[in-house]
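> What follows is a single structure, and I will ask about it in a moment.
Each value in this text was obtained by applying a stated rule to the coordinates, not by laboratory testing. Here the structure is a predicted model, which means the values were calculated and not measured. Positions of Cβ are generated from backbone atoms using ideal geometry, with glycine treated the same way; all protein chains shown enter the neighbour counts.
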Amino acid sequence: MTELENLSFEQALERLENIVAQLENGDVPLEQAIELYQEGMKLSSLCNGKLQQVESKIEMLIQTEQGLATKPFAASQLDKGE
């Protein structure tokens with residue numbers, strides 16, 4: 001397991017925000033900017049993976065004719081307005 005994989009979601013997101021701020025500032029040499037960009041992409045992927053893991057564990061509570069029931073949370077349903 002790499003050092004990045006040991007970060008919590010919050011730690012990874014904070015580091016990613018710091019990298020974005022550094023790159024937006026434009027005061028870093030090109031080689032360092034490339035390294036920061038690559039680290040940022042890894043952090044972005046890590047955060048996305050952690051969010052997907054959490055989404056797969058979340059269930060929605062829905063009202064049915066038989067009463068309350070649960071169904072798996074699907075992010076795509078939010079995009080469709082369901």
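> Could you pull the Cα extents of the chain along its three principal axes, largest to smallest, in whole Å?
Sorted largest first, the three principal extents are 63, 30, 14 Å.
> Which net charge results for the neighbourhood of Leu4, defined as the other residues with beta-carbon distances under 10 angstrom from its beta-carbon, given Lys and Arg at +1 and Asp and Glu at -1? List each step's numbers first, then the result.
Numbers: positive: Arg15, Lys42; negative: Glu3, Glu5, Glu39.
Summing Lys/Arg as +1 and Asp/Glu as -1 gives -1.
> Hey, another quick one. Taking R0 as 30 Å, what FRET efficiency do you get between Leu68 and Asn48 from their Cβ-Cβ distance, rounded to the nearest 0.05?
Numbers: r = 31 Å, r/R0 = 1.04.
E(calc), rounded to 0.05, equals 0.45.
> With springs only between Cα atoms under 10 Å apart, run a GNM on the chain and tell me which of Leu13, Leu61, Leu46 wobbles the most.
Residue with maximal mean-square fluctuation among Leu13, Leu61, Leu46: Leu61.
> Please give the calculated 222 nm ellipticity per residue for the chain, where each DSSP H segment of at least 4 residues contributes -39500 (n - 2.57) and the sum is spread over every residue; nearest 500 deg cm²/dmol?
Details: 3 runs with 50 residues, N = 82.
Computed ellipticity for the chain at 222 nm equals -20500 deg cm²/dmol.
> While we're looking at this one, here's another question. For the chain, with the dipole built from +1 on Lys and Arg beta-carbon atoms and -1 on Asp and Glu ones, taken about the Cα centre, which of Thr2, Leu68, Ala12 lies farthest toward the positive end?
Leu68
> Just to be sure I understand: with springs between alpha-carbon atoms less than 10 Å apart, which residue in Lys50, Lys42, Lys71 has the highest mean-square fluctuation in the Gaussian network model of the chain?
Lys71
> Taking 0.36 nm per intervening residue step and subtracting the Cα-Cα distance, what contour gain separates Ile34 from Glu14 on full extension?
On the way: separation 20, 0.36 × 20 = 7.20 nm, distance 1.89 nm.
5.3 nm is the gain from fully extending Ile34 to Glu14.
> Pick out which of Glu59, Glu17, Glu39 has the largest mean-square fluctuation in a Gaussian network model of the chain, springs linking Cα atoms closer than 10 Å.
Judging by the Gaussian network model, the answer is Glu59.
> Nearest 10 degrees, 0 to 90: what angle lies between the long axis of helix 9-25 and the longest principal axis of the chain (Cα atoms)?
Helix 9-25 sits at roughly 40 degrees to that axis.
> Could you work out how much longer the chain between Gln22 and Glu5 gets when fully extended? Use 0.36 nm per residue separation minus the Cα distance between them, nm to one decimal.
Numbers: separation 17, 0.36 × 17 = 6.12 nm, distance 2.19 nm.
This chain segment gains 3.9 nm when fully extended.
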